[in-house]
Amino acid sequence: MIKAMRRTVAAFAALALLGLGGTAGAQQVVKIGAVYPLSGNSASTGNYAKMAFEMGADIINNGNAELAKVMPLAKGGGLPGLKGAKIQMVIADNQGTPAAGQNQTLRLITEEKVAAVICCYQSGITLTASAVAERYGIPFLNAESVAANLTERGFKWFFRTTPVAADFAKAYSTFLNEQKAAGRKVDSIAIVHENTEYGNSVSSVLADAFGKAGLPVTQKIAYSANSTDVQPQVLQLKEKNPDVVIFISYTSDAILYAKTMKELNWKPAILIADDGGFNDPAFVKAMGSVTEGLISRSVFAAGKPGSVAAILDELYKKKTGGDGLDDVSARVLQSFFVMAEAINNAGSADPAKIRDALRAVEMKPEQLVAGYDGVKFDDKGQNVQASTLITQMRNGNYVSVWPKSRATHELILPYKGW
């Protein structure tokens, strides 16, 4: 029965590509589904992701002369491997819940007849939504969920471009041991995390890696991402006064923690955000002025003028009315270009051919908007060339400070805050 469903979905995708089912002579299109939080406590992130998808489709459909020098698909006119077929993004709201993410993925596959899905930001939603795509035999590309178990399920249709928790843990461990060698105190570390798949999995990976690296985790605090009061958690931190605090949070809770720490006048010497809500432009706008010196991981820095990242950052500012690419929107845009490359190379909207093309994708650093070493998937669907930067909040913007070979600014400690 599952095989029959896969054949049916593949047939629908092929019909969509050929423009059948519409008016005669209609423009050929390939539908790509995306499932992101357009409402709920991560709605800001989801809506910035939506604009990144729309911009990516516009570049391939209509062209950009600057990008075309290093990105052949940016020449415009659609996908040359499919005789100029245009990309149509079909973007659905996962409402910040696994159930909605699962339902919307099912709808995109069975009703919208998408040829592939890019999803979902939150790891817990990615977990359920990707299971739907696996069941129907639809390529599923994840741009930003970092839970380690997502690539450990034996799935054949799942791919992930982003670095994962183990990569971040290694970066944090090396970074903190470098600070220790420089004479800074890192004798006590607190990990504060929201209690869904993202927070639980990443906190466990970090704690394990820190233990192996000789870095003492003296406090672990779990909380609900939907919390409206985090004063008890901040008071716990204030009482123990750790040298380092690492937050694993989404947007609304990241803002709440920053406000509460200021209200209670407490700050550690080193404050680290594990990306997430702390890198959302909404957080930066609201809290950038009171979190000076905050450290975060990121895969994005605009880089030198004329680079792919710099060009796309400027295009995105025009799209959003002033906001440049942040970590998540850059990862989303990167995943879009990887999927477009695979579909073009497949020369077809047949899901099986797209999956095979994803397995064979190889992209070089100079072609990427994200600061990866490249894109190349292993047998589990993980991009083995994904990598990360460490950034720091300076005057309301994040700048890269580590590793030194890729830094644009010197690291400044201790954390200043307000």
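The values are calculated or read from the model by the stated rules, or taken from the named source; none is laboratory data. Note that this is a predicted model, so its numbers are computed, not measured. Glycine gets a Cβ as well: all are built from the backbone with ideal geometry, and neighbour counts include every protein chain shown. Note: accessible area is taken over every heavy atom of the protein model, side chains too, but ligands, DNA and RNA are not part of it. Shrake-Rupley method; radii C 1.70, N 1.55, O 1.52, S 1.80 Å.
Here are the numbers for this structure:
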read-out: Long pairs among Lys170/Lys416; Lys31/Lys86; Lys180/Lys238; Lys50/Lys75, criterion Cα-Cα beyond 18 Å; value: Lys170/Lys416; Lys180/Lys238; Lys50/Lys75
read-out: Cα-based Rg / Dmax (Å) for segment 314-418; value: 17.1, 54
read-out: Accessible-area composition of the chain, carbon plus sulfur, in percent [1.4 Å probe]; value: 51
read-out: Zone of Lys317's modelled label, taken as backbone nitrogen in segment 391-417 under 20 Å from a point 7 Å along Cα→Cβ; value: 392-401, 408-409
read-out: The chain: radius of gyration over Cα atoms, expressed as a fraction of 2.2 N^0.38 Å; value: 0.97
read-out: For Phe210, solvent-accessible area (1.4 Å; no DNA, RNA or ligand), Å²; value: 0
read-out: Given charges at beta-carbon only (K, R positive; D, E negative), |dipole| of segment 125-195 in Debye; value: 100
read-out: Residue-normalised accessible area of segment 274-418, expressed per residue, 1.4 Å probe, Å²; value: 38
read-out: Pairs of lysine residues in segment 258-381 - Cα separation under 22 Å, sequence separation of 8 or more or cross-chain; value: 15
read-out: Where segment 101-208 is the region considered: accessible area per residue in Å², 1.4 Å probe; value: 30
